[in-house]
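Step one of this worksheet: look at the structure below.
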Amino acid sequence: MKSDDIKEAALKYFTIHGYEGASLSQIAEEVGMKKQSLYAHFRGKDDLFLQVLHDAKETELLSKLQYFSNLRSSQPEKDLYGFLQLIVDLFQQNEQLKFWLRMSFFPPAHLQKEVDLEVIDIEEKTQALLQEKFQKWINEGLLHAEHPRIPTLAFFGVVDSIMLELVYMSDTKRLQEKLEASWKVFWRGISIR
């Protein structure tokens, strides 16, 4: 249980102060132990950071998988827009995902490759899931696209723009306007109406 407590404290400090500003001494103090005792659970700050990052990535992936596995309708407009709203809600309300979002955009320089691998992993898994959904909707005649990869990648462009806005967000109204505008243009491009 102590490892989970350490990771929870580390999440707090990494989110607030970034990798460089988070101190192992502060993290240890938060969980009522000495800094040296952390090494019984983690090899060092990098190991702790990467484990916290991996846990955050898994939380995001699980949220996305649950969203798509719970879809029972053939309403791509509703389902895709709901996914965009899920992204906004998750990254505004979940501390793990706030951390994940910031670190995926601004990783510690010396851990760039490791962070990139985590980001690529979740992107590939989400892309495969979405492409499968797009193929189903195209087959059912609900969307227009030459190949499911095209709307999948375009949709990721909308998601990425929303995530970028979440990183720099200071104005919720601006975020909502960007989401609405991006969505309208995207939907118009794949809609059969």
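Of all residue pairs spaced 6 or more apart or on separate chains, those with beta-carbon atoms under 7 Å, a first member in the stretch 19-30 that is over 9 Å from K45 (Cβ atoms) and a second member that is loosely packed, with under 15 Cβ neighbours inside 10 Å are S25/K35; A28/K34; A28/K35; A28/S37. Taking the criterion of being among the hydroxyl-bearing types (S, T, Y) and open to solvent by 40 Å² or more (accessible area, probe 1.4 Å), would at least one residue in the stretch 169-182 satisfy it? Yes: the stretch 169-182 contains one or more residues that are among the hydroxyl-bearing types (S, T, Y) and open to solvent by 40 Å² or more (accessible area, probe 1.4 Å).
Residue-wise test of (1) out of contact with any Asp or Glu (no Cβ under 8 Å at 6 or more places or on another chain); (2) open to solvent by 60 Å² or more (accessible area, probe 1.4 Å); (3) farther than 19 Å from L153 by Cα.
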{"position": "N70", "(1), (2), (3)": "yes, yes, yes"}
{"position": "P76", "(1), (2), (3)": "yes, no, no"}
{"position": "Q96", "(1), (2), (3)": "no, no, yes"}
{"position": "Q112", "(1), (2), (3)": "yes, yes, yes"}
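The sole residue among G141, G157 that is out of contact with any helix residue (DSSP H, G or I) (no Cβ under 7 Å at 6 or more places or on another chain), of a type outside the set (D, E) and in contact (Cβ under 8 Å) with a residue 40 or more places away in the chain is G141. Checked against (1) assigned to a helix (DSSP H, G or I); (2) within 30 Å of D47 (Cβ to Cβ); (3) not charged (D, E, K, R), P107 passes all but condition (1). Applying the condition of being buried (at least 16 other Cβ atoms within 10 Å of the Cβ), part of a helix (DSSP H, G or I) and over 21 Å from the mean Cα position of the chain (by Cα) to the stretch 34-60 and asking which residue is modelled with the highest pLDDT yields K45.
The values are calculated or read from the model by the stated rules, or taken from the named source; none is laboratory data. Small disclaimer: the values here were computed from a predicted structure and weren't measured. Cβ atoms come from the backbone with ideal geometry, glycine included; neighbour counts cover every protein chain shown. What goes into the accessible areas is simple: the full protein's heavy atoms, side chains included, and nothing from ligands, DNA or RNA. Shrake-Rupley method; radii C 1.70, N 1.55, O 1.52, S 1.80 Å.
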